[in-house]
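To start, the structure itself, in structure tokens.
Coordinate-derived values only; no laboratory data. These numbers come from a predicted model, not from an experiment. Cβ: placed from backbone, ideal geometry, glycine included. Neighbour counts: every protein chain shown.
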């Protein structure tokens, strides 16, 4: 694995864009998914509690995709990144009862 820091694009879902100054995509540096996410919340601190719990782990309802692959089926936050990679944050949508 290369230790060269990659510039990657993170796609921000509409409900979270208010925490990224309405940006739909953000470019960050990182050699792994975890490092890229750390740089994202460093840049936009108000986003952190929406992605991570108090122990610093990704919230269970937050899915991160590298391209079309869910990182849970790769190496989770340790998944290595290549330059130009695209991460997508996809919050789970819970069903509910309509009134």
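So the values come out like this:
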item	result
Selected residue (criterion: farthest from residue 7 (Cα to Cα)) from residues of segment 30-66 that are part of a strand (DSSP E or B) and touching a helix residue (DSSP H, G or I) at 6+ places or on another chain (Cβ under 6 Å)	62
Pairs with Cβ under 7 Å, 6+ apart, first in segment 21-42 and surrounded by fewer than 17 Cβ atoms within 10 Å (Cβ to Cβ), second assigned to a helix (DSSP H, G or I)	23/17; 24/17; 29/39
